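Notes to accompany the following structure.
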Amino acid sequence: MTMPIGPSFIALQVRDLAKSAAFYKDVFGFTAADRNPPGAVVFITRPIALALREPLRPLPENVPLGTGMVLWVACDDADAFHNLIVERGGKVLSPPSDGPFGRFFVAGDPDGYTITFHTAQS
């Protein structure tokens, strides 16, 4: 029987690719791959690649994107990473706290996507 294996690629459609890519690099600290497909920026993340891309069709105006979607990204230390994002001018939506998956906080991007950063479990 054929069945899904699991996520293998995540792409967020953004309103302004250059602005969003700069934010993800400068504030969140992601590193872009050396080569990217047209209309997209792929970041070097593991185990699944994360990309920003131009929209495939018009996006809704004046509403945050990603409503209802939860994206968790592991980091070495949620508290230290929270402080770094604040220093870089990032928008923190929920301060560091403890949850079922360990220490985490929630930050927002220019398009309204929310990213939950959590301390990676070993």
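Bear in mind these aren't lab numbers, they're just calculated from the coordinates by the rules spelled out. For clarity, every value in this text was computed on a predicted model and none was experimentally measured. All Cβ positions, glycine included, derive from the backbone under ideal geometry; neighbour counts span all protein chains shown.
Direction-averaged projected area, Cα convex hull, the chain: 9.5 nm², rounded to one decimal. Taking springs between alpha-carbon atoms closer than 10 angstrom, which of PHE101, PHE28, PHE43 fluctuates most in the Gaussian network model of the chain? Comparing PHE101, PHE28, PHE43 in the GNM, the peak value goes to PHE101.
Short-range pairs are left out: with C-alpha atoms under 8 Å and at least six residues apart, the relative contact order of the chain is 24 percent. Computed from point charges on the beta carbon alone (+1 for Lys and Arg, -1 for Asp and Glu), the dipole magnitude for the chain about its Cα centre is near 300 Debye. Between the residues GLY68, ILE85, ALA51, the greatest Cα displacement towards the positive end of the dipole of the stretch 16-122, with unit charges on the Cβ of Lys, Arg, Asp and Glu, is found for ALA51. Simple point charges give the picture: +1 on the Cβ of Lys and Arg, -1 on the Cβ of Asp and Glu, and for the stretch 77-122 a dipole about the Cα centre of about 40 debye. Placing dummy labels 7 Å off each Cα toward the beta-carbon, the span from ASP79 to ARG35 is 4.3 nm.
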